[in-house]
Amino acid sequence: MCRGFERDTGIGDDGVIRIEREHRFAIPVEAGFAFITDIANWHAYWPGFVRIEPGSRWRAPGDEARIVVRLLGRKVELRMKLGRFDNNRFVEYESTQSGAPDAHHERHFAPAGVGFLYRIVVEYEPRGGLRGLYDRVLLRRGVERALRRTVANLDARLSS
């Protein structure tokens, strides 16, 4: 059985919100990393996934991917720029989307027995004013829900 947990580390001294979700999968880290980082598989586990825009690449630092996701009943383009891509270990990227603050993302992969431990990290700095209230409450809940769904979708795919 695979187990996971969610950790909302809250707002740091610098005002950045950090949300984490960790889960153990019972397949080799190499197979999990290959599946998760292959953009051809994103439709299988990304919550609200609609499509990948043409020209998207995701293999080396500097690559960019644009995907369209359904968020609160509307289609939103998410633009991502890959910062680090360490095979079977770590992926780091930045994202931008209309109506939300820019975000920093990390994906950690660590061998754990015959399986691997997968940790998702999302960080963002809330905007000022009323938009900041939205970022601290509603967006935070949306990110937490998306991380839970991502892990549940991956568990269903990687455990079968």
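All of the numbers you see were taken from the coordinates with simple rules; none came from a lab. Predicted model, so just to flag it, every value in this text is computed and none were measured. Don't worry about glycine lacking a Cβ; one is built from the backbone with ideal geometry, like all the others, and counts go over all protein chains shown.
Here are a few things to note about the model shown:
- Which label in [x] 103; [y] 385; [z] 113 gives the computed volume of the Cα convex hull per residue in Å³: [z]
- Proximal charge balance of VAL50 [Cβ under 12 Å; K/R count +1, D/E count -1]: +3
- Distance between the pseudo-spin-label points of ALA60 and ILE27 (7 Å out from Cα toward the beta carbon): 2.7 nm.
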